[in-house]
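Bear in mind these aren't lab numbers, they're just calculated from the coordinates by the rules spelled out. Since we're looking at a predicted model, the values are computed, not measured. Counting neighbours? That spans all protein chains shown, and the Cβs are built from the backbone with ideal geometry, glycine included.
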Amino acid sequence: MRIVLASNSPRRQELLRYIFPEFEVIPAKGEESRRPGEPPEQLVTRLALEKAAEVYNRLVNGANSPSLSPEQLLVIGGDTVVALENEIFGKPANKADAARMLRSLSGKTHQVYSGTAILWGARQEAFCCCSRVTFYPLTEQEIHSYLSTGEPMGKAGAYAIQGAGMLLVKEIQGSYPNIVGLPVAALKQKLKAMGMIFDK
């Protein structure tokens with residue numbers, strides 16, 4: 001069995017190891033864009049599936065790929081966004097954009113949506129999990145101090161709850177791993193239902 005994570009995220013890799021100690025990392029190629037009016041739960045589910053499908057098709061159809069039967073390849077994709085009211089916060093474009101996001105989230109409760117997709121042979125499953133995160137009110141000094149760590153860049157919503165970003169968080173509701181980027185408990189249950197893994 002060849003198990004592949006279609007993401008270069010160190011956080012997703014760390015979380016997936018709780019289910020599969022060994023797997024390959026092959027990041028998906030392509031643009032991540034939102035369709036007009038697309039709700040966040042649909043956006044992350046679609047992007048997770050597109051990422052998994054791109055890697056799956058590349059491996060199956062690639063000229064240099066070894067011959068695999070459909071049941072010998074499992075690809076997992078993921079995508080995460082932060083949403084506040086009607087605005088979706090992906091990865092900040094620059095420090096100014098990150099500061100804007102943090103100011104918007106200050107003292108408020110927002111949602112973190114993570115989409116996860118599973119492609120195994122002819123079977124596919126894609127789902128979304130949502131967690132709620134409440135920030136403490138942030139001063140400008142706190143925002144600038146956090147920006148100076150460099151951590152907000154490359155993170156949905158401009159913060160990493162598993163890092164120094166935890167100091168911004170008052171409380172969470174829902175799955176913590178989902179906020180990090182991969183709802184591993186829900187993923188395990190989906191894999192069990194598909195007959196991919198079994199409890200020992």
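Counting charges near ALA48 (Lys, Arg +1; Asp, Glu -1) among other residues having Cβ under 14 Å from its Cβ returns a value of -2. Simple rule: put +1 on each Lys or Arg Cβ and -1 on each Asp or Glu Cβ in the chain, find the dipole, and look at ASN8, HIS144, ALA117; the Cα lying farthest toward the positive end is ALA117. In loop segments of the stretch 11-54 as defined by DSSP, the trypsin sites (Lys or Arg not before Pro) with at most 10 further C-beta atoms inside 10 Å of their C-beta are LYS29. Kirkwood hydrodynamic radius computed over the chain comes to 17.5 Å, based on all pairs of distinct alpha carbons. When the helices in the chain are scored as -39500 (n - 2.57) per DSSP H run of 4 or longer and the sum is shared across all residues, what 222 nm value do you end up with, to the nearest 500 deg cm²/dmol? The helix contribution divided over the chain gives -9500 deg cm²/dmol. Taking the Cα centre of the stretch 99-200 as origin and assigning +1 to Lys and Arg Cβ atoms and -1 to Asp and Glu Cβ atoms, the resulting dipole is close to 300 debye.
Output the DSSP H helices from the chain with an along-axis C-alpha extent of no less than 20 Å and a mean Kyte-Doolittle hydropathy no less than -1.0. Span-like helices in the chain: 40-61. Relative contact order of the chain, taken over Cα pairs closer than 8 Å and 6 or more residues apart, is 22 percent.
Annotation for the stretch 1-93: GluC sites (Glu not before Pro) lying in DSSP loop with at most 16 further Cβ atoms inside 10 Å of their Cβ are GLU22, GLU31, GLU32, GLU85.
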